[in-house]
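One structure below.
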Amino acid sequence: MSKEDISRRQFLNYTLTGVGGFMAAGMLMPMVRFAIDPILEKGADQDMVAVTEVSKIGKEPKRFNFKIKQKDGWYESEVTQSAWVYKNGKGELIALSPVCKHLGCTIDWNTDPSHPNQFYCPCHGGRYEKDGTNIKGTPPLAPLDEYDSKVKDGKLYLGKAKPRKGA
Amino acid sequence: MKWRSGDITVYQQSKEFVDTVVIPLQPLSFGISMKTSAGMADYSLLIAEETERQLHGRLFLMPAFTYLKHDSEEALISRLLSWVKELKEEGFRHIFFLTSDAEWKKSEQKLGENLLWMPVIPMETMDPSYKEEIIKEQVKQLFQIILHKWQES
C-alpha cells in the first residue's frame, strides 16, 4: 500500500465521523436506556421469600408466617404475612392468603365446630372450602387469594397473593 | 379498620358489617412517670393494631383517647361518655376500651362498656421475635373476649 491510498480529506472524514459517532452514541445510549428501562426492570413480584421447608408441609393446611419488605411511600418496613399451606390430592403445594375476601379479617382453619374442614372467618361467618373456594350463602363473594409459589432446594418460596376467579 | 381515609371509604360502603369499636385509652404524664406512660402507649398500640389486623372487617380502631394523668375522674368520664354516645348514634353496638392504666378499673362501673385492662409489659429491650410472640399471645386472649361478645349478641 502506498501512502496516497488515503487522502488528507478522506482521513479527516473518517476521524471526524468516528469521533462524532462516538459522541452521538455516548449521548444516545442513556436516552435509549431510559426509554427501555421499564422492560429491563425486575418485576416486584419476582421477589420471592423462603417460607418453609417442603418436608414440613402436610395434607392438612398449616399456617406459616414470613416477612416481606413493604414500601409505603418513602417508608420501608418489614411486614409479617402468613399463608395457609398444604399439599392437595395431586401432591401440588397450595398456598392460600389468610385474608377474608369479604372485608379483610384473618381467617382460620377448622375453627367452626359446625362446619369442620373449612376456612372460617370469625367476623361475619364467611366460609371457604379447603381449596379456597368461597361457600355460597356466606358473605365472601370470591375465593381466597393464592400465593405465587415455587420450590427450590427443598424450600417453598412465596411471592405475591393473586386473586382467582369467583365461584 | 382504622381512622384513615381509605378505610373510611370501605366503612361507608359496608357499614352494616362493622359494629365494633376499640378505643385505646392513653394517659400522658411527665416527670418520673413519663417513661411508664410512654411504655403504656407503646404496648397498647401494638395490641390494638394487631387486634385490628386480625378483625379488620368488623372492628374499627379509633385514634387513642389521650388524657392527662392528673385530669379529674369526672371530667374524663364525661368526655369519654360523650365519645360513646356519638359512636352509638353512628350505629356501633360493641364498644371496647383498651388500656394499661389501672385507674380506669375503679371507674369501670360508670363507663358501662367493656373495659379491657392489660397490665403493661415493658418491651423496650425485648428481642423483636420474642416481642411478637408475646403480643400474639395477648391478642389471642383479647380475641376470645371480643368473639364471646359477638356470639352473645
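General observations
- Taking amide H atoms as placed 1.01 Å from N in the peptide plane, the amide H of B:Leu68 lies under 5 Å from those of B:Leu28, each 5 or more residues away in sequence or on another chain.
- Euclidean distance of C-alpha centroids, segment B:13-51 and segment A:25-39, integer Å: 51
- Which listed pairs, of B:Lys2/B:Lys110; A:Lys136/B:Lys140; B:Lys35/B:Lys110; A:Lys67/B:Lys105; B:Lys2/B:Lys35; A:Lys160/B:Lys88, have C-alpha distances above 31 Å, in listed order: A:Lys67/B:Lys105; A:Lys160/B:Lys88
- Debye log10 I(q)/I(0) at q = 0.06, 0.09, 0.12 Å⁻¹ for the protein assembly as shown, Cα point scatterers: -0.34, -0.61, -0.96
- DSSP beta bridges in chain A [antiparallel fraction, %, rounded to 5]: 100
- Working note: 222 nm ellipticity from helices only, DSSP H runs with n ≥ 4, each -39,500 (n - 2.57), summed and divided by the residues of the protein assembly as shown, gives -12000 deg cm²/dmol to the nearest 500.
- Folded to 0 to 90 degrees: helix A:8-40 orientation relative to chain A principal axis, Cα: 10
- For the protein assembly as shown, size of Cβ-based charge dipole, Lys and Arg +1, Asp and Glu -1, in debye: 1000
- Charge tally in the Cβ shell below 9 Å around A:Tyr120, where Lys, Arg are +1 and Asp, Glu are -1, A:Tyr120 excluded: -1
- Springs between Cα atoms under 10 Å define the GNM used for chain B, and in it the highest mean-square fluctuation of B:Ser107, B:Ser129, B:Ser37 occurs at B:Ser129.
- Distance between the modelled labels on B:Leu28 and B:Glu103, one decimal in nanometres: 1.3 nm (7 Å Cα→Cβ projection).
- Chymotrypsin sites (Phe, Trp or Tyr not before Pro) restricted to segment B:16-60 and DSSP loop, no more than 12 other C-beta within 10 Å: B:Phe30
- DSSP-assigned coil residues among chymotrypsin sites (Phe, Trp or Tyr not before Pro) in segment A:50-91, each with at most 12 further Cβ atoms within 10 Å: A:Trp74
- Cβ-derived FRET efficiency at R0 41 Å, A:Asp153 paired with B:Glu152, nearest 0.05: 0.25
- Orientation-averaged projection of chain B equals 9.6 nm² [convex hull of Cα atoms, one quarter of hull surface area].
- For chain A, the Cα-based Rg and Dmax, in that order, read 28.2, 101 Å.
- In a simple Cβ point-charge model (Lys, Arg +1; Asp, Glu -1; nothing else charged), chain A has a dipole of about 240 debye relative to its Cα centre.
- Per-pair calculated FRET efficiency, R0 = 45 Å: A:Asp108 and A:Ile36 via Cβ, rounded to 0.05: 0.45
- Sites B:Trp83 and A:Asn117 - FRET efficiency at Förster radius 45 Å, r taken between beta-carbons, to 0.05: 0.60
- Segment A:94-146 shape via C-alpha gyration tensor axes, a/c threshold 1.5: rounded
- Accessible area buried, both sides summed, chains B and A with 1.4 Å probe, Å²: 1000
The values are calculated or read from the model by the stated rules, or taken from the named source; none is laboratory data. Just so it is clear, the structure is predicted and the values come from calculations on it, not from any experiment. Neighbour counts are summed over all protein chains in view; Cβ atoms, including those assigned to glycine, are modelled from backbone coordinates with ideal geometry. The accessibility values were calculated without ligands, DNA or RNA, using every heavy atom of the protein model including side chains. Shrake-Rupley method; radii C 1.70, N 1.55, O 1.52, S 1.80 Å.
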